[in-house]
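Undergrad: A single structure is presented below for examination.
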Amino acid sequence: MNHDKSALRKRIKDMKRQFSDKELEELSLPIISRLFAHPATISSKTILMYYSLPDEVNTHHAINQLVQSGKTVLLPRVVDGENMEIRVYEKPGDLAPGYYGIMEPTGKTYTAYDNIDVAVVPGMAFDSQGHRLGRGKGYYDRFLPKAARAYKIGVCFDFQKQNCIPADSHDIAMDCVI
C-alpha cells in the first residue's frame, strides 16, 4: 500500500513542477472562491486553515480575508516529527519560520477543538470519496480526530484529483473536496 502512495506522491510532485509559482497562484483563485462560497465556510465561526507552501493552493490572502470577515482563523504549527498544535492567527505578523522552514503561526495555542467548525486541509491528491494523500508524515490524520465536529474540506488543484487514493484505516477522509 505504501509503495502505491509513494509512487502517487512522486507523480503529483512531477505534475506540480510543470507550473510556475505564479501559475499555481492563479490556479488557486477559483478554488479559494469555491471555498468561500461553500455553505460550511459561510456559516463557520472558527476555521482551521493552512499557510500554503509554494506548491499548494495559495491561502495567504484568503487567511487575511477570513480574519477581516470576523472569523476566528486557526493555523497548524508542527511541534515535532509526529504532532502539530493549533494556533490563533490574527494578523500577518503572527507568522515565523518553523519546522521544515514553513511559515507557522506564533499566536496563542488553541485547544477548544470542538469549536472548530471547518478544517481546510491541503493534500498531494484526493479522490471523489474524500480520501486524501498527504505528504506522508500523518500530521492531519493524527490531529483531525481531535476536531471530530469539524466539517473537513480538502483543497487541491484539479490535476491533483485522482480516481482512487489508497487508504489505510488511520487515514481521515474529507467531507468534500474543492
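The values are calculated or read from the model by the stated rules, or taken from the named source; none is laboratory data. This structure is a prediction, so every number in the text was calculated from the model and none was measured. Because the Cβ atoms are built from the backbone with ideal geometry, glycine has one as well, and the counts that use them run over all protein chains shown. Accessible surface areas use protein heavy atoms only, side chains included; no ligands, DNA or RNA. Shrake-Rupley method; radii C 1.70, N 1.55, O 1.52, S 1.80 Å.
Undergrad: Got at least one residue in the range 31-46 being open to solvent by 40 Å² or more (accessible area, probe 1.4 Å), at pLDDT below 95 and over 17 Å from the mean Cα position of the chain (by Cα)?
TA: The answer is no; no qualifying residue exists.
Undergrad: Is at least one residue of the range 67-81 open to solvent by 50 Å² or more (accessible area, probe 1.4 Å), modelled with pLDDT under 95, under 15 Å from the mean Cα position of the chain (by Cα) and within 30 Å of S169 (Cα to Cα)?
TA: Yes; the residues of the range 67-81 include at least one that is open to solvent by 50 Å² or more (accessible area, probe 1.4 Å), modelled with pLDDT under 95, under 15 Å from the mean Cα position of the chain (by Cα) and within 30 Å of S169 (Cα to Cα).
Undergrad: Please indicate, with yes or no, whether at least one residue in the range 94-112 is in contact with a His (Cβ under 9 Å, 6 or more places away or on another chain) and small (G, A, S).
TA: Looking through the range 94-112, none of the residues is in contact with a His (Cβ under 9 Å, 6 or more places away or on another chain) and small (G, A, S).
Undergrad: Going through F126, F159 one at a time, which residue ends up being surrounded by fewer than 17 Cβ atoms within 10 Å (Cβ to Cβ) and closer than 28 Å to R17 by Cβ? It would help to see each step written out before you state the result.
TA: Values: F126 fails: surrounded by fewer than 17 Cβ atoms within 10 Å (Cβ to Cβ).
So the residue among F126, F159 that is surrounded by fewer than 17 Cβ atoms within 10 Å (Cβ to Cβ) and closer than 28 Å to R17 by Cβ is F159.
Undergrad: Now for a separate question. How do the pairs read when you match residues in the range 78-94 that are over 12 Å from G138 (Cα atoms) with residues anywhere that are of a type in the set (A, V, I, L, M) and modelled with pLDDT under 90, using Cβ under 6 Å and keeping only pairs 6 or more apart or on different chains?
TA: Hits for this filter: E85/V79.
Undergrad: Considering only the range 12-24, how many residues are open to solvent by less than 100 Å² (accessible area, probe 1.4 Å) and touching a helix residue (DSSP H, G or I) at 6+ places or on another chain (Cβ under 9 Å)?
TA: The number of residues fulfilling the criteria is 5.
Undergrad: Now for a separate question. Report the residue count in the range 124-178 for those that are assigned to a helix (DSSP H, G or I), farther than 19 Å from T41 by Cβ and touching a Gly at 6+ places or on another chain (Cβ under 9 Å).
TA: Counting residues in the range 124-178 that are assigned to a helix (DSSP H, G or I), farther than 19 Å from T41 by Cβ and touching a Gly at 6+ places or on another chain (Cβ under 9 Å) gives 2.
Undergrad: Would you mind stating whether A112 is closer than 26 Å to A148 by Cβ, surrounded by fewer than 20 Cβ atoms within 10 Å (Cβ to Cβ), hydrophobic (A, V, I, L, M, F, W, C) and more than 17 Å from the chain's Cα centre (by Cα)? Let's see the steps before the verdict.
TA: Numbers: closer than 26 Å to A148 by Cβ: yes; surrounded by fewer than 20 Cβ atoms within 10 Å (Cβ to Cβ): yes; hydrophobic (A, V, I, L, M, F, W, C): yes; more than 17 Å from the chain's Cα centre (by Cα): yes.
Answer is yes for this residue.
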